[in-house]
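What follows draws every value from the coordinates through simple rules; no lab data is involved. Everything numeric in this text was worked out from a predicted model, so none of it was measured.
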Amino acid sequence: MSGESLERYFRMIRDDRHRRPSGRLWCPAADVYRTNDGWIVKVDLAGIRPADIEITIDGRVLRISGLRRDATCGEGVSHYQLEITYSRFEKMIQFPRSIEHASIERDYRDGLLILRLHEEQAKAAKR
């Protein structure tokens with residue numbers, strides 16, 4: 001590491017230790033599986049309360065959004081290193097066809113939000 005880049009590195013550390021993370025929007029990782037009657041969507045949302053998760057469907061798009069809060073940082077606590085993003089998040093998944101009328105089962109455990117979208121019930125409702 002050159003002297004100039006080393007100096008920039010330490011200046012960055014010094015500056016970051018006295019600032020909270022930006023309010024930038026982050027995008028969690030997700031897996032999507034096709035099943036016989038619909039879809040399974042798994043989203044990595046470690047450290048997020050289920051009450052802070054919002055799920056909406058608009059045509060072919062599933063939108064999962066919310067907020068990860070840092071309950072540790074408060075008065076009298078300063079941080080030394082922050083790598084986890086604490087701010088609003090949003091994940092948008094586009095499906096090959098409309099999922100607007102799919103029923104949704106939701107399960108949240110071990111930091112994973114698992115959604116089961118059942119299209120069979122939606123097809124029966126149209127008949």
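If you take the Cα Rg of region 72-119 and divide it by 2.2 N^0.38 Å, with N the number of residues, what do you get?
Ratio of Cα Rg to 2.2 N^0.38 Å: 1.84.
Any idea what log10 I(q)/I(0) is at q = 0.18, 0.22 Å⁻¹ for region 25-124, Debye with uniform C-alpha scatterers and no solvent?
-0.84, -1.15
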